[in-house]
Amino acid sequence: MREFYGVTLDSPLMLGTAQYPSPAVMEAAFRASGAAVVTVSLRRETGGGQAFWQIIKGLGVHVLPNTAGCYSAREAITTARMAREVFETNWIKLEVIGHADTLQPDPFGTLEAAETLSSEGFEVFPYMTEDQVLAQRLVDAGCRVLMPWGAPIGSGLGLNNRYGLRTLRAAFPDIPMVVDAGLGLPSHAGDAMEMGFDAVLLNTAVAQADDPALMAQAFGMAARAGQMAHRAGPMAPRDMAVPSTPVIGKAWL
Amino acid sequence: MSDVTIIGAGVAGLWAAYALSKRGLTPRLIDRNGNPGAHGCSWWAGGMLAPFCEGATSEAAVIAHGQQAASDWAEVTKVTQNGSLVVTLARDRAELDRFARRTTGHARISGDTLATLEPDLATPGREALYFDTESHLTPRAALADLLAALTARGITIEQAEATPDDVHGTVLDCRGLAAKLPSLRGVRGEMVMLKTHEVRLSRPVRLLHPRHPLYIVPRGDGVFMLGATQIESAAPGPITARALLELLSAAYALHPAFAEAEVIETGADLRPAFVDHVPRVIRQGRVLHLNGLFRHGYLMAPALARQAADYLEHGTKGDLFHED
């Protein structure tokens, strides 16, 4: 099992903390899902989010602070440094947004920030497109985890580019990878895990469900099922029907 | 229980005083800032009495108790029972389906019906949810009217610094965040007041939006309250440029004439909230804390006050009651 900067996770599910009806509902979702990692944004809560951060710490799972809402490397670096102080962790989910409408990551800003943060001892989880060249540059910059998107943040579209994700997975067999963003259904999570990804990260699909705890549980189970299926070695699809039981010798006249 | 002191004269404290006065008591009412004003978060509220809409993201207790609020408030102030509307922009129609699925007490109305209710909101193909039993009031007028009702019953607000330790007898601590209860946190909210005669609305309107949800409450005479952000931060200070941009952009998207409106006021404050966003009466010895009204101050204060009064009078513990 691939480790995330030396940490083995109990569950392949990572959950965000935004948009829940209340912290109580969020806590219930974490409990029901068994998620191993919580990601939390610092950007907007600057300076006054202590009470909420205490609730996050109280979840008892690994905290992955993020730089959501940052539009430049500089902003992201500043936010990351603050996050390290608040949560006492070197982990940082690096998010540098390049486009306000699609929330696409800015590959150039992401790379620039990843270089700086890695040199400062951060353990960077970069949110990225499934671009293989970018992936190589981020690995060169020191990233030992990659987080390709499934689809635009909050869109719930699932895996938009299965081919790209599959080739990316194959190209970096030793790098743990998390499909981050765009997942709308547990089947999307299962799909990503069956393809050999190491975890999935999502927020909206759980937080905005009618019953967040139940949906979180469904995602937790689906991600785990996908992980098991990948380890079990899935059969290859065939064009030809193959009977499970031989027909030779049966009376078929 | 003849000796009762209420500390904090926001919507919770005023309602507590009113509920006790209806049972023949004359509690002392103390607030460090005196009469209600910009120092308290009740000042910045929207004033929607919309239990069914709130049900989209609230616990059942809020929906159940909130349904009483309009008739409670009508004892002391003007309540407009004109329903409320929920709409979306064209590309977010799925949000309307989701909101409808998560709430009760509404009818789905066509663009034609919307045009008769709120002509200024009707656009081709726009459907809406109409919550016809919901109401709204004007918060600052409501606070003044509630205070006047108390004055008529011999209760006025003493301006003084006080904590429960400073007074004898039974204390109702209604200070909000100043009570510093361990599980209470502040959730920042920001609002804008606009004035324009180019838009007419006769009921609160919620615009569902995946990023920037908005509600607009008509205050009459061309004044509209736009709210409200909900940020996990206890940082004080005026509205941020970003919040202002988001609220105004959403309003502009709803009706372009809002772009020409005068910005007559902005505000920001912290809502006291417990982890489930349901208010509580918490007993600590001789002190009852009435707190955690979150974004439901006007919707839930009457019920919260009633449960506190029930406990003091009969020892009854309602569903909002907690022992510390």
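The values are calculated or read from the model by the stated rules, or taken from the named source; none is laboratory data. Not measured: the values here are computed from a predicted model. Note that we place each Cβ from the backbone using ideal geometry, even for glycine, and neighbour counts take in every protein chain shown. SASA here: full protein model, heavy atoms, side chains in, ligands and nucleic acids out. Shrake-Rupley method; radii C 1.70, N 1.55, O 1.52, S 1.80 Å.
Computed from Cα positions, the angle between helix B:60-74 and the longest principal axis of chain B comes to roughly 80 degrees. The largest accessible area among A:LEU15, A:LEU185, B:LEU177 belongs to the first residue in A:LEU185, B:LEU177, A:LEU15, and the rest follow in falling order (1.4 Å probe, all chains). For A:LYS93, nonlocal amide neighbours, meaning residues 5 or more places apart or on other chains whose placed amide H falls under 5 Å from its own, are A:ASN66, A:THR67, A:PHE125.
Modelled spin labels at B:ASP3 and B:LEU245, positioned 7 Å past Cα toward Cβ, are 5.8 nm from each other. Within region B:272-305, the residues that become at least 40 Å² less accessible when every protein chain is included than when their own chain is isolated (1.4 Å probe; DNA, RNA and ligands ignored) are B:VAL275. Across region B:49-54, coupling constants 3J(HN,Hα) worked out from phi with the 6.51/-1.76/1.60 Karplus curve, θ = phi - 60°, read 9, 10, x, 6, 4, 4 Hz, and Gly and Pro carry x. When nucleic acids and ligands are ignored and a 1.4 Å probe is applied, B:TRP15 ends up with an accessible area of around 10 Å². With a cut-off of 14 Å, note down the residues of region A:158-201 whose backbone N falls inside the zone around a label point 7 Å from the Cα of A:ALA225 toward its beta carbon. Under cut-off, by backbone N: A:185-194. Label zone of A:MET1 (point 7 Å out along Cα→Cβ, amide N under 13 Å): in region A:175-198 this covers A:198. Taking amide H as placed 1.01 Å from N in the peptide plane, the amide H of B:GLU265 sits under 5 Å from that of B:MET193, each at least 5 places away or on another chain. Each label was represented as a point 7 Å from its Cα along the Cα-to-Cβ direction; for B:THR133 and B:GLU75 these points are 2.0 nm apart.
For region A:107-244, what does the alpha-carbon gyration tensor say about shape, rounded, prolate or oblate, given a ≥ b ≥ c as the root eigenvalues, a/c under 1.5 as rounded, and a/b over b/c as prolate? Here region A:107-244 falls in the oblate category.
Accessible surface ranking for A:MET221, B:MET193, 1.4 angstrom probe, highest first: A:MET221, B:MET193. Per-residue extension of 0.36 nm, minus the Cα-Cα distance of B:ARG23 and B:ALA259, leaves a gain of 80.0 nm for this segment. Does a label point 7 Å from the Cα of A:LYS57, set along Cα-to-beta-carbon, have any residues of region B:263-284 with amide nitrogen under 19 Å, and which are they? Under cut-off, by backbone N: B:275.
Does region B:149-253 come out rounded, prolate or oblate by the C-alpha gyration tensor, with a ≥ b ≥ c the root eigenvalues, rounded set by a/c under 1.5 and, if not, prolate when a/b is larger than b/c and oblate if not? Here region B:149-253 falls in the oblate category. Computed from label points 7 Å out along Cα-Cβ, the spacing between B:THR163 and A:ASP211 is 4.5 nm. With the cut-off at 1.5 for a/c, could you classify region B:1-57 from its C-alpha gyration tensor as rounded, prolate or oblate? It comes out oblate by the Cα gyration axes.
The length gained on full extension between B:LYS317 and B:ALA38, counted as 0.36 nm times the residue separation minus their Cα-Cα distance, comes to 97.1 nm. For the protein assembly as shown, the fraction of 1.4 Å probe accessible surface lying on carbon and sulfur atoms is 52 percent. Computed from phi, the 3J(HN,Hα) profile of region B:291-299 under the Karplus parametrisation 6.51, -1.76, 1.60 (θ = phi - 60°) reads 7, x, 6, 6, 8, 10, x, 6, 6 Hz, with x in place of Gly and Pro. Over the protein assembly as shown, accessible surface divided per residue gives 43 Å², non-protein components excluded, 1.4 Å probe. Rounded to the nearest whole Hz, the Karplus-based 3J(HN,Hα) values (6.51 cos²θ - 1.76 cosθ + 1.60, θ = phi - 60°) of region B:258-274 follow the sequence 4, 5, 8, 5, 7, 7, 9, 6, 10, x, 8, 7, 10, 8, x, 9, 8, with x at glycine and proline. Take the Cβ-Cβ distance between B:GLU198 and B:ARG108 as r, set R0 to 25 Å, and report the resulting FRET efficiency rounded to the nearest 0.05. The calculated FRET efficiency here is 0.35. In this structure the amide hydrogen of B:ARG283, modeled in the peptide plane, comes within under 5 Å of the amide hydrogens of B:HIS289, B:HIS322, B:GLU323, B:ASP324, none closer than 5 places in sequence on its chain.
Measuring r between the beta carbons of B:ASP221 and A:TYR163 and using R0 = 45 Å, the FRET efficiency lands at 0.15. Comparing A:LEU146, A:THR78, A:ALA189 along the charge dipole axis of chain A, the residue lying farthest to the positive side is A:ALA189, per the Cβ-charge model.
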